[in-house]
1. From the set of residues in region 130-154 that are under 29 Å from Ser85 (Cβ atoms), part of a strand (DSSP E or B) and open to solvent by 80 Å² or more (accessible area, probe 1.4 Å), which is modelled with the lowest pLDDT?
2. If you take the residues in region 7-38 that are out of contact with any helix residue (DSSP H, G or I) (no Cβ under 7 Å at 6 or more places or on another chain), open to solvent by less than 70 Å² (accessible area, probe 1.4 Å) and assigned to a loop (DSSP other than H, G, I, E, B), which one is farthest from Gly134 (Cα to Cα)?
3. Against the definition (over 19 Å from Ile34 (Cβ atoms), β-branched (Val, Ile, Thr) and open to solvent by 50 Å² or more (accessible area, probe 1.4 Å)), how does Ile158 come out, yes or no?
4. Select, from Gly53, Gly77, Gly60, the only residue that is small (Gly, Ala, Ser), over 23 Å from Phe136 (Cβ atoms) and in contact with a strand residue (DSSP E or B) (Cβ under 9 Å, 6 or more places away or on another chain).
5. With Ala81, Ala114 as the choices, which residue is modelled with pLDDT of 95 or more and of a type in the set (A, V, I, L, M, F, W, C)?
6. Taking region 24-46 on its own, how many of its residues are charged (D, E, K, R) and touching a residue at least 60 places away in the same chain (Cβ under 8 Å)?
7. If we keep just the residues of region 99-129 that are more than 12 Å from the chain's Cα centre (by Cα) and assigned to a loop (DSSP other than H, G, I, E, B), which is surrounded by the most Cβ atoms within 10 Å (Cβ to Cβ)?
8. How many residues are open to solvent by less than 40 Å² (accessible area, probe 1.4 Å), part of a helix (DSSP H, G or I) and over 16 Å from Phe27 (Cβ atoms) if we restrict to region 39-87?
Amino acid sequence: MAQSANGLICDKNGKEDFLSKENWQIFVDKAKEIGCLIWGRTTYEAVSSWGSGYLKQLIGVRKIILSRSKKLFLPMGFEQAMSVSEAVYNLESAGIDKALVSGGSQTNSAFTQAGLVDELILLVNPVLIGEGKGIFSGLDFEIGLKLEKITTEKNEIIKMVYKVLN
C-alpha cells in the first residue's frame with residue numbers, strides 16, 4: 001500500500017494525487033510477480049479515472065474487484081467477487097494460492113481480519129496529508145508484524161516489508 005508519511009492512502013476527497021508514478025510502477029511489478037490482484041470497487045474506480053493506460057499495464061494479471069453491487073460493469077479482464085470468501089473460493093478453484101490485496105481500506109481490513117494476509121508492504125511517501133483514509137478501516141483487529149526489509153526507492157519513497165505474525 002502506498003501511503004503518506006502519516007499513514008493515509010488518499011485525501012478526504014479520495015484523491016491520491018500525492019503519489020508518484022514510481023509508486024504505481026512498484027505496484028505493477030509486484031502484481032505481475034504475483035499474477036493476481038484484488039481491489040475494492042472504490043480503488044478500482046479511482047485507478048480507472050486515471051486513464052486506460054494505467055489499467056493496460058496490468059494485462060496478464062488476474063484482477064478481482066470486490067463489490068456487493070449487482071450493477072457493477074467491469075471491462076474484459078476483470079472479474080467481480082461479492083465477498084472475501086467468494087474471491088478466495090474463485091482463486092482456490094483456479095489453483096491460485098496467492099494474491100496481492102491492494103485497497104482500499106475496507107478491503108484491506110476484511111482480508112486482514114479474516115487472517116488471509118501474510119505480508120504487508122508499505123510504500124511511505126514524503127508527504128503529510130491533513131485528512132483522509134488510512135490503510136485499514138471499518139473492522140476491529142490487532143495484528144503483530146515483524147519487519148523483514150527496508151529500502152529507499154526513487155523519489156524518497158521508503159519501502160517497508162513486514163511479515164504478519166498472527
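1. So the residue we want is Lys133.
2. The selected residue is Gly35.
3. yes
4. Only one candidate passes the filter, namely Gly77.
5. Of Ala81, Ala114, the one residue that is modelled with pLDDT of 95 or more and of a type in the set (A, V, I, L, M, F, W, C) is Ala81.
6. 1
7. Ranking the candidates gives Ile129 first.
8. Counting residues in region 39-87 that are open to solvent by less than 40 Å² (accessible area, probe 1.4 Å), part of a helix (DSSP H, G or I) and over 16 Å from Phe27 (Cβ atoms) gives 2.
The values are calculated or read from the model by the stated rules, or taken from the named source; none is laboratory data. Since this is a predicted model, take the numbers as computed values, not measurements. Positions of Cβ are backbone-derived with ideal geometry, glycine not excepted, and every protein chain shown enters the neighbour counts. Side chains are part of the model used for accessible areas, which takes the heavy atoms of the whole protein and leaves out ligands, DNA and RNA. Shrake-Rupley method; radii C 1.70, N 1.55, O 1.52, S 1.80 Å.
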